[in-house]
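First up is the structure itself, then whatever we jot down about it.
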Amino acid sequence: MLKIIFILLIACSPSLFSQELGEESYGIASFYANSFYKHKTANQEILKKTALTAAHRIYPFNTLVEVTNLSNRKTVIVRINDRGPYKRGRIIDLTEIGAKKINLRRQGLAKVKIKIIGFENEQMLIPYNQLSLETSPKFSRKYYQKTRLKYRKKYRIKRNIKHKKYLKKRKPKKKKAPKKKGPIKKRKKVHEKPKRTIRKKRK
């Protein structure tokens, strides 16, 4: 019986779950009740209303995640420093300030998308908005359709990253062997004979 419990504890330990930069997950987000504040979190920090922190069941401590409310597309970046929530279907608990930024306080619960953008307090993926063309202009005798532009969120990777162990290792490209060049043969210069000009005799 003890062996079975030991195996289950190892299987459920968060350290065995491997996370990758850019990993996404979906679920329901909630926020802390007032009774949890001013108490210690799972990593022995004091939980504060004004701190952009969150609780997750398996992500390592100090993982930076971007939480997007799918109903209004508002986002917030928070740091994982606690464990939870343990209610079925919920994947993250936010503090009061984090919940306000994505308008979660009014809704109570909301479906969210979570994206890993950094580890160990270092943000590696930098989000930015890129303006792109959604529809091109159309001309006709009856109507004229204007161009529609839309901002789309994209991410660029930070150049100088301290914790490179979280990045995917790319396979090095095989360099093609240079072709062996033989000795260069010098071309012999052929001296052309100057053309003779025939002068016409005057009568």
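Any chance you could count how many residues in the stretch 69-79 are under 17 Å from the mean Cα position of the chain (by Cα), touching a residue at least 24 places away in the same chain (Cβ under 8 Å) and either under 20 Å from LEU167 (Cβ atoms) or surrounded by fewer than 20 Cβ atoms within 10 Å (Cβ to Cβ) (or both)?
4
Yes/no per residue for (1) within 30 Å of ILE91 (Cβ to Cβ); (2) at pLDDT 80 or above; (3) in a loop (DSSP other than H, G, I, E, B):
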{"site": "GLY118", "(1), (2), (3)": "yes, yes, no"}
{"site": "LEU133", "(1), (2), (3)": "no, no, no"}
{"site": "LYS142", "(1), (2), (3)": "no, no, yes"}
{"site": "ARG156", "(1), (2), (3)": "yes, yes, no"}
{"site": "LYS168", "(1), (2), (3)": "yes, no, yes"}
{"site": "PRO172", "(1), (2), (3)": "no, no, yes"}
{"site": "PRO183", "(1), (2), (3)": "no, no, yes"}
{"site": "LYS189", "(1), (2), (3)": "no, no, yes"}
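In this structure, does ARG88 turn out to be over 23 Å from the mean Cα position of the chain (by Cα), part of a loop (DSSP other than H, G, I, E, B) and either modelled with pLDDT under 95 or loosely packed, with under 11 Cβ neighbours inside 10 Å (or both)?
Details: over 23 Å from the mean Cα position of the chain (by Cα): yes; part of a loop (DSSP other than H, G, I, E, B): yes; either modelled with pLDDT under 95 or loosely packed, with under 11 Cβ neighbours inside 10 Å (or both): yes.
Considered against the rule, which asks whether it is over 23 Å from the mean Cα position of the chain (by Cα), part of a loop (DSSP other than H, G, I, E, B) and either modelled with pLDDT under 95 or loosely packed, with under 11 Cβ neighbours inside 10 Å (or both), ARG88 comes out as yes.
For the stretch 91-121, enumerate the residues that are touching a residue at least 12 places away in the same chain (Cβ under 8 Å), surrounded by fewer than 16 Cβ atoms within 10 Å (Cβ to Cβ) and of a type in the set (Lys, Arg).
ARG105, LYS111
What residue, of SER132, SER71, is among the polar types (S, T, N, Q) and farther than 29 Å from LYS158 by Cβ? Spell out how you get there, then give the answer.
Numbers: SER132 fails: farther than 29 Å from LYS158 by Cβ.
The unique qualifying residue is SER71.
The values are calculated or read from the model by the stated rules, or taken from the named source; none is laboratory data. This is a predicted model, so every value here is computed, not measured. For neighbour counting, all protein chains shown are included, and Cβ atoms are generated from backbone atoms with ideal geometry for every residue, glycine included.
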